[in-house]
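The values are calculated or read from the model by the stated rules, or taken from the named source; none is laboratory data. Here the structure is a predicted model, which is why all the values come from computation and not from measurement. Here the Cβ is made from the backbone with ideal geometry for all residues, glycine too, and neighbour counts use every protein chain on show. Please note that ligands, DNA and RNA were not included when accessible areas were found on the heavy atoms of the full protein model with its side chains. Shrake-Rupley method; radii C 1.70, N 1.55, O 1.52, S 1.80 Å.
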Amino acid sequence: MTASVDDNPFYRELPDGTIKQTNPFSGVQVWTVPGRGARPLSRPIVGPRPLANADRVSACAFCADRVLETPPEKCRLVPDPFGDVRGSFRTLRHLPASELSASTAEFRRVPNLFEILTWQYWHDNHGVDLSAEARDWQESYLADQAGLSHVQRVLDAKFSAQGLSLRAAALNPAELRRESAPFFGGGHDVIIARRHYTDDAATTAGLAGSGQLSVAEHRAFIALTVSSTADLYAANPEARYVAVFQNWLEPAGASFDHLHKQLVAIDEIGASNEAALEKVNGDPYLFNRWGPDFAIDHHLMLAANDHAVAFVAFGHRYPSVAIWSTGRIDQPWEMADEEVDGLADLLHAIHVALGSDVACNEEWHHRPIGVGTAMPWHVVLKLRVSNPAGFEGGTKIYVNTISPASLCARLLPRLMEARNAGRIAEGIRLGVECEVGRGVIAAAR
């Protein structure tokens, strides 16, 4: 179904095939121009080399043998068939440094060494201090010699990166506690997966992305991210929003080619949320109309299960897939496990279809704390297949090289292949099987 030039203010396909799009939530303007859309999605690793055994566990600072290069763990998930995370993992919290090597962490939650909003920002501007629990954890961690050495090592790395000659061993106890406070109560966390390379990789091209996780592993990854989001809200009453995102590969902004998500507490809800909420206040059906309903009408639906839908989205700077929860609750930490798993499974399926050599960003969206307007929990997966340049900077019109229909046509066969190979969760319906009705987003009705 193709809109005419005049009957759709947000999506217009011109006679020559140019598609002019305006994101109905953010106002971003995007053009897809014929002749610029034949670019490949993937960017394979150039000059891969054979893997040595050490590469699997020490390729970067996020790897398993280098846990002392990151700040103290807030928690980790370890394999356990009788565990507390979807029956496959159990959670270990606030492990002492001396016990880090006693178990294998499938996923680790650690503070980001270089915070977007620093601990000092929250302390000086909002009067935020360590909670009693965080203060007790800091005291017990520093009282242990292994913990003290760990904190000093990480602080020295931070000081060095900042160009400071300061050394942690020279700090007095009060200074050490002040400088290490972000490690125990900061608002910027990283969720790190175990593998840098897949278990069967033979070369450095075998990176382990989200699509290389099993269904159970990916569910645990998402569940830990969701619970960590709730923790950051609970730990800081001044946080108005927790931004959750994943940068995969260097073109998408990743510092390491090692799978991880980031969570950042901020004291505003963000311009994109403000714009969307303002529009939805005037039109409560907006999310449905320009999300799943548009995808249904334009044959852009990719996948669905009992709790979520995935479709090619429009009006984004990059080719994008949106995965939306269809539940009545719009904050994922309040949802039932099966609802969170439902979205996780569709997100995983899209990652499987893309493969590990497609640079992409995951952007999570949920209703901010204290906001009454419904905003369905959804994730937008943006494929970084091009770089905005002078034209985009000068006009604020972004050239998206792949049309929504073209992206849908590329991804559906890959999803079918992945399902046939048993690589995605059971119960996922694809393409015309979806049978999704209009108005499927319950939280936005």
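Filtering segment 64-80 to residues that are assigned to a helix (DSSP H, G or I) and open to solvent by 60 Å² or more (accessible area, probe 1.4 Å) leaves 65, 66, 68, 69.
Taken over segment 235-259, the criterion of being part of a strand (DSSP E or B) and either open to solvent by less than 10 Å² (accessible area, probe 1.4 Å) or of a type in the set (Phe, Trp, Tyr) (or both) is satisfied by 241, 242, 244, 245, 246, 248. In the set (1) open to solvent by less than 20 Å² (accessible area, probe 1.4 Å); (2) farther than 16 Å from residue 302 by Cβ; (3) β-branched (Val, Ile, Thr); (4) out of contact with any Lys or Arg (no Cβ under 6 Å at 6 or more places or on another chain), the condition left unmet by residue 424 is number (2).
When 442, 389, 349 are checked against the criterion of being closer than 23 Å to residue 226 by Cβ, of a type outside the set (Val, Ile, Thr) and at pLDDT below 90, 442 stands alone in meeting it.
Is segment 375-385 home to any residue that is open to solvent by 10 Å² or more (accessible area, probe 1.4 Å), over 24 Å from the mean Cα position of the chain (by Cα) and of a type in the set (Lys, Arg)? The answer is no; no qualifying residue exists.
Filtering segment 124-139 to residues that are part of a helix (DSSP H, G or I) and either in contact (Cβ under 8 Å) with a residue 12 or more places away in the chain or open to solvent by 80 Å² or more (accessible area, probe 1.4 Å) (or both) leaves 124, 125, 126, 133, 134, 135, 136, 137, 138.
Does residue 232 satisfy the criteria of being under 20 Å from residue 23 (Cβ atoms), assigned to a helix (DSSP H, G or I) and of a type outside the set (Phe, Trp, Tyr)? So residue 232 does not fit the description; no. Tell me which residues, restricted to segment 140-159, are open to solvent by 70 Å² or more (accessible area, probe 1.4 Å) and either of a type outside the set (S, T, N, Q) or within 27 Å of residue 245 (Cα to Cα) (or both). Passing the criteria: 143, 153. Selection within segment 299-322: residues that are over 20 Å from residue 337 (Cβ atoms) and not hydrophobic (A, V, I, L, M, F, W, C). The member of this set that is surrounded by the most Cβ atoms within 10 Å (Cβ to Cβ) is 319.
On inspection, residue 276 fails the criterion of being at negative phi and surrounded by fewer than 21 Cβ atoms within 10 Å (Cβ to Cβ). Only a single item in (1) in contact (Cβ under 8 Å) with a residue 12 or more places away in the chain; (2) within 17 Å of residue 217 (Cα to Cα); (3) surrounded by 15 or more Cβ atoms within 10 Å (Cβ to Cβ) is not met by residue 83, and it is number (1).
Residue under question is residue 199, and the condition is that it be assigned to a loop (DSSP other than H, G, I, E, B) and either open to solvent by 10 Å² or more (accessible area, probe 1.4 Å) or among the basic types (Lys, Arg) (or both); does it hold? In short, yes.
With the requirement that a residue be of a type in the set (D, E, K, R) and either open to solvent by less than 40 Å² (accessible area, probe 1.4 Å) or part of a helix (DSSP H, G or I) (or both), what does segment 87-123 give you? Within segment 87-123, 99, 106, 108, 109, 115 qualify.
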